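Quick notes on the structure that follows.
The values are calculated or read from the model by the stated rules, or taken from the named source; none is laboratory data. Here the structure is a predicted model, which means the values were calculated and not measured. Neighbour counts run over all protein chains shown; Cβ positions are idealised from the backbone, glycine included.
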Amino acid sequence: MSISRRGFFKAMGATAVALSVGKPMAAEASLQTENELYGVLYDGTKCVACHGCEYDCAEAHGFTDFDLPKNPPFRKTDDKHRTVVNLYQTSKGEVPRKIQCMHCNQPACDAACLTQAMHKTEGGPVIWREDKCMGCRYCMISCPFDIPKFEYESTNPRIVKCDMCIDRINEGEIPACAYNCPEEALLYGKRSDLIKEARKRIHDNPEQYVDHIYGEHEAGGTSWLYLSSVPFDELGLNTKIQHTSYPGLTKGFISSIAPVDILLPAVLLGIYEATKLNAKTEEEI
Amino acid sequence: MNTLSQPIETKAKQGNFFTFLLAEMKPKGPIFSPFNIISFPIMMLGLVIIFLRFKNGIGSVTNLSQDVPWGLWIGFDVVTGVAFAGGAYILVFMVNILNLKKYKPILRITVLNGFLAYLFYSAALLLDLGRPLNVINVVIGNNYGVSSVLFLVGWHFLLYMLALLIEFSPAIAEWMNARKLHRFISAISMGAVIFGITLSVLHQSGIGALFLMAKDKIHPLWYNSYMPILFVVSSVFAGISMIILEGSISRKVFSDQLDESDHHSHDNIMLGLAKICSLGMFAYFSLLVLVFIHQKNWQYIASPMGSWYLVEVIGFVVVPMLMFFLSYRYHSLTWIKIASVITLLGIMLNRMNISIIAFRWDAAVRYVPTWQEAIVTLTIIFIELWVLRWIVRRMPVLRASPEWARGSH
């Protein structure tokens, strides 16, 4: 077991370069680009829980046999439902809330995905790309809102989640749910404009709204924003969620990889050389 | 040199590798041994279940749900299995870097165990992937998700398998009587050793880092930002406990491969490993206490999950730590074996807690693996053991290397 020192350092250098090149940090969306993101503002005071958006969503994504019972029970999104509207028992009686992907500014699923199948587009929607995904479900582990769903019964399963109707957006349309909402509870637009609009609504009707826009800072900011008449935790939203981005949680680890890859071999080689001398001296004695 | 390695060399000298390989395929032990009688039907059943999994989808044989996307196949086969296989890098570090020659007799079997474990656990991983063919995207480089912990774990995992193969290949070369190849591999193996250890440290900790983004899903007693460090520290004594357990079993099963000097050195090795285990566990326990105080976790202790946490930390860390220490002091090999079993159960408990039990501990419907998931897991382990047995009976893993290969180390 011997190797020339020069040969070793050559190999080590090559490996270190190979491992450290192309390891930028999770894309830090700057404030500038965040203002350019598009999103949807959901105003819970306007929603009447007609479930119309669920039908429109199913239709827009090719689920033709969609049907709802008359008084639907509490449901979650799943591999056939990208969005659901539930009624919550709150301090102000029954209040509806729509569930769908929050389209985080810095999504955990995007950072988690090892094939870039989960992808935050420049416009705001977080999309899933079929040709890249290998079905590891790490996005499901990572998502703080439990949004990506998996087709367990399929032999070629897909990850199913709201894609903010990216195909419609690319054709100049707006998301199906926002387009069809009869009560105008869903407003599609530039995220910065939506935040201004939300603030204005709170300012104009302070008794109607709680003074908070859910999604402005939650999980580092999301493209989907909520206004509500009751505290958000009564609507099943996690109000203790951190206000910094989720990819930030793994940043420390990821940035330590390249230094360890480069420094540890040098340390190991040093120890090897030191103990080798030691072993030889022992033999001589 | 004992008599067993003699016929192998003469066979290889005939020159044709395929006839040699064909001859080596013949079973070398009793066919109807208890192990075979138990493992063979399970493996057959497992293969049927694997076939059904590809025919009908993952949901048809598992209890995985939208809330619990990773079950037994990831939580045990991969997350726990990698920790169990950590012995290879620890022992390689001790023998090849620290020059502790005392441990050299068990080096090859440990490296072989590690390599096979990694090989078969990555096979288990493929079963769990929904679209396994797209795994190529991670390798060929058209879609590198470089900010993904899983991507980095995957690559370090893959390269480490290569390093382990290089570290073990002198034994393959000796088996094939390929002297030139042996010389070449021995020359590059130091590089494999050094990078193997580096890659191990990073993917062992990376498996802990996988769960960093599941902040709101894992019970606060288990979730902390030190998980990568805790994982790498616990892999030290998990790996060594596996060496102890596996060593005491293979000494019985493969006793024909060992000579007198091996029996003499074995006890000495076991005592040394016990000491390292108790020290490693002490470091791990100190870290746990530090995290516990730092995160002000007292509030969670008076709950069912709190008691469960205490069972893990007291029963499966502190107790085996003391057992290792005392059995080292009083030279009790039996207690070392018992302590290693408890330690391995504890590691299993810890990894399963983080990935399954304390993951979504508040979910309405708890995940319990199906019998099919358990059978497939057993199948993977049994196939691995069959391959291990095949190799140990043919290559110089436990027994001494042939005369010509000895000088090169």
Please name all residue pairs, on different chains or six or more residues apart, with Cβ atoms under 6 Å, provided the first residue is in the range A:254-266 and is at negative phi and the second residue is at pLDDT below 95 and surrounded by fewer than 17 Cβ atoms within 10 Å (Cβ to Cβ). A:Ala258/A:Ser20; A:Ala258/A:Lys23
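Please determine, by comparing only the residues of the range B:355-409 that are of a type in the set (Ser, Thr, Tyr) and either in contact with a Pro (Cβ under 9 Å, 6 or more places away or on another chain) or not in a helix (DSSP H, G or I) (or both), which one is nearest to the other protein chains (Cβ to nearest Cβ). Write out each step before concluding.
Initially, the range B:355-409 is screened for residues of a type in the set (Ser, Thr, Tyr), giving B:355, B:367, B:370, B:377, B:379, B:401, B:408.
Narrowing further to those that are either in contact with a Pro (Cβ under 9 Å, 6 or more places away or on another chain) or not in a helix (DSSP H, G or I) (or both): B:367, B:370, B:377, B:401, B:408.
Working: B:Tyr367: 13, B:Thr370: 12, B:Thr377: 18, B:Ser401: 13, B:Ser408: 7 Å.
Taking the candidates together, the pick is B:Ser408.
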Can you find a residue in the range A:96-112 that is over 22 Å from B:Asp216 (Cα atoms) and away from every other protein chain (no Cβ under 11 Å)? yes
Here the qualifying pairs (Cβ atoms under 9 Å; residues six or more apart or on different chains; first in the range B:146-164 and over 12 Å from A:Phe253 (Cβ atoms) and within 7 Å of chain A (Cβ to nearest Cβ); second among the hydroxyl-bearing types (Ser, Thr, Tyr) and part of a loop (DSSP other than H, G, I, E, B)) come out as B:Phe151/A:Thr115; B:Phe151/B:Tyr144; B:Gly154/B:Ser148
Go through (1) surrounded by fewer than 19 Cβ atoms within 10 Å (Cβ to Cβ); (2) touching a residue at least 24 places away in the same chain (Cβ under 8 Å) for B:Leu72 and report which single condition fails. (1)
Among the residues of the range A:80-94, is any assigned to a loop (DSSP other than H, G, I, E, B), surrounded by 17 or more Cβ atoms within 10 Å (Cβ to Cβ), within 14 Å of chain B (Cβ to nearest Cβ) and modelled with pLDDT of 90 or more? yes
For the range A:141-164, what are the residues that are more than 7 Å from every other protein chain (Cβ to nearest Cβ), part of a loop (DSSP other than H, G, I, E, B) and farther than 23 Å from B:His219 by Cβ? A:Glu151, A:Arg158, A:Lys161, A:Cys162, A:Asp163, A:Met164
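Among what's in the range B:123-135 and is within 12 Å of chain A (Cβ to nearest Cβ), touching a residue at least 12 places away in the same chain (Cβ under 8 Å) and surrounded by fewer than 24 Cβ atoms within 10 Å (Cβ to Cβ), pick the residue that is nearest to B:Val61 (Cα to Cα). Show your work before the answer.
Let us first name the residues in the range B:123-135 that are within 12 Å of chain A (Cβ to nearest Cβ), namely B:125-135.
Now restrict to residues that are touching a residue at least 12 places away in the same chain (Cβ under 8 Å): B:125, B:127-128, B:130.
This time we only want the ones that are surrounded by fewer than 24 Cβ atoms within 10 Å (Cβ to Cβ), so: B:125, B:127, B:130.
Working: B:Leu125: 15, B:Leu127: 11, B:Gly130: 13 Å.
Only one residue tops the list, namely B:Leu127.
Find the helices (runs of 4 or more DSSP H) located wholly in the range B:10-102 whose residues include 2 or more that are away from every other protein chain (no Cβ under 14 Å) and either modelled with pLDDT under 85 or out of contact with any helix residue (DSSP H, G or I) (no Cβ under 7 Å at 6 or more places or on another chain) (or both), and list them.
B:17-25, B:34-56
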Is there a residue being assigned to a helix (DSSP H, G or I), at the interface with chain A (Cβ under 9 Å from one of its Cβ atoms) and of a type outside the set (Gly, Ala, Ser) anywhere in the range B:106-122? no
Answer yes or no: is there a residue in the range A:125-139 that is away from chain B (no Cβ under 14 Å), assigned to a loop (DSSP other than H, G, I, E, B) and surrounded by 17 or more Cβ atoms within 10 Å (Cβ to Cβ). yes
Name the residues in the range A:92-143 that are basic (Lys, Arg) and at positive phi, would you? A:Arg137
Considering only the range B:189-217, how many residues are over 23 Å from the mean Cα position of the chain (by Cα) and either within 7 Å of chain A (Cβ to nearest Cβ) or modelled with pLDDT of 95 or more (or both)? 4
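Can you name the residue in the range B:136-145 that is in a loop (DSSP other than H, G, I, E, B) and more than 8 Å from chain A (Cβ to nearest Cβ) and, of all such residues, is surrounded by the most Cβ atoms within 10 Å (Cβ to Cβ)? Spell out how you get there, then give the answer.
Of all residues in the range B:136-145, those in a loop (DSSP other than H, G, I, E, B) come to B:141-145.
Adding the requirement that they be more than 8 Å from chain A (Cβ to nearest Cβ) leaves B:141-142.
Numbers: B:Gly141: 9, B:Asn142: 12.
Restricting to residues being in a loop (DSSP other than H, G, I, E, B) and more than 8 Å from chain A (Cβ to nearest Cβ), the top hit is B:Asn142.
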Check the range A:101-109 and report whether any residue there is under 23 Å from B:Gly154 (Cα atoms) and outside any loop (DSSP other than H, G, I, E, B). yes
Residues (over 13 Å from A:Lys161 (Cβ atoms) and buried (at least 24 other Cβ atoms within 10 Å of the Cβ)) located in the range A:113-123: A:Leu114, A:Thr115
Go through (1) surrounded by fewer than 15 Cβ atoms within 10 Å (Cβ to Cβ); (2) part of a helix (DSSP H, G or I) and name the single condition B:Lys296 misses. (2)
Note: among B:Phe231, B:Phe237, just one is surrounded by 24 or more Cβ atoms within 10 Å (Cβ to Cβ), away from chain A (no Cβ under 14 Å) and of a type in the set (Phe, Trp, Tyr), namely B:Phe237
Taking first residues from the range B:191-205 that are closer than 10 Å to B:Asn96 by Cβ and second residues anywhere that are charged (D, E, K, R) and in a helix (DSSP H, G or I), the pairs with Cβ under 6 Å that are 6 or more apart or on different chains are B:Ala192/B:Glu167
